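Structure first, then comments.
The values are calculated or read from the model by the stated rules, or taken from the named source; none is laboratory data. Keep in mind the model is a prediction, meaning the values are calculated, not measured. Cβ placement follows ideal geometry from the backbone for every residue including glycine, while neighbour counts extend to all protein chains displayed. In case anyone asks, the SASA skips ligands and DNA or RNA and just uses the protein heavy atoms, side chains included. Shrake-Rupley method; radii C 1.70, N 1.55, O 1.52, S 1.80 Å.
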Amino acid sequence: VIFSFVPNQREDRIADFLRELSNQFDNYQKNVENLENRIKLIESDKGQLHLLELGFQFAAETDSTFLHHCYAYYIFNNLDNKTMDDIQREKILKVIAELNEYEIVHLLNFLYPSYVGNVSEFHKKFENILMPRERYLGAPDDAQVFNAFFDYYKVSLEQKGLIIGKPEVKNGTLSFDKKKYSITEFGRIVVEAIYDEDFFTRINEGDGKDE
């Protein structure tokens with residue numbers, strides 16, 4: 001049963017990733033010369049071929065179109081990136097592959113700071129992910145589980161060097177129970193690598209599907 005199921009599942013995942021990658025090429029066809037140059041880059045550069053190989057590897061490990069799109073968007077748009085070498089490009093892709101959809105949404109939310117009375121459209125769209133459930137004694141189990149993961153995502157992003165947390169100041173004293181988080185320079189690089197505004201405008205909250 002296992003060996004008859006897994007291969008087909010992985011083929012479907014690779015096919016979904018290839019569709020996302022193909023969409024990137026389709027969007028680029030407005031300039032045929034540039035498109036041809038990008039194809040030549042993949043064929044002639046071992047580093048680019050390895051990056052694409054990693055993309056297939058990570059795509060086979062998840063059935064999330066959301067993540068497949070992030071991998072494809074990053075790989076395609078970094079074919080001619082001269083600001084990073086092959087090792088750095090691979091590291092970015094590996095970090096992206098370590099994140100799940102919720103962690104990516106939390107990270108992208110740092111692009112859209114929200115204030116009291118002024119909540120960003122991105123935050124509104126992904127409110128079900130970005131807002132913790134009410135915390136009180138006797139809260140439902142699902143709310144407690146959600147909040148536990150909500151807190152963990154921040155810790156996970158901080159451990160990966162994508163955000164940094166500093167103790168909040170309350171009444172002139174530092175409160176080590178709560179942290180105020182901000183995005184790091186490395187976090188900004190990762191955000192720029194995956195943030196396709198059109199895609200994140202179209203999808204439903206966290207499911208990677210068009211509206």
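Just a few scattered comments:
- Long-range HN-HN contacts of residue 163 with modeled amide H, under 5 Å: 158, 184
- Over all other residues within a Cβ to Cβ distance under 9 Å of residue 68, the charged ones net out to -1, with Lys and Arg as +1 and Asp and Glu as -1.
- Above-threshold pairs, the threshold being 18 Å between Cα atoms, out of 154/179; 94/160; 94/179: 94/179
- Neighbours of residue 189, meaning other residues whose beta-carbon lies under 14 angstrom from its beta-carbon, give a summed charge of +1 when Lys and Arg score +1 and Asp and Glu score -1.
- Mean Cβ count within 10 Å, highest first, over the residues of peptides 12-18, 63-69: 63-69, 12-18
- Heavy-atom SASA rank of 19, 133 (probe 1.4 Å, accessible area, largest first): 19, 133
- Summing charges over all other residues whose Cβ lies under 10 Å from the Cβ of residue 180, with Lys and Arg as +1 and Asp and Glu as -1, gives +2.
- Relative contact order for region 65-133, counting Cα pairs under 8 Å that sit 6 or more residues apart, in percent: 28 percent
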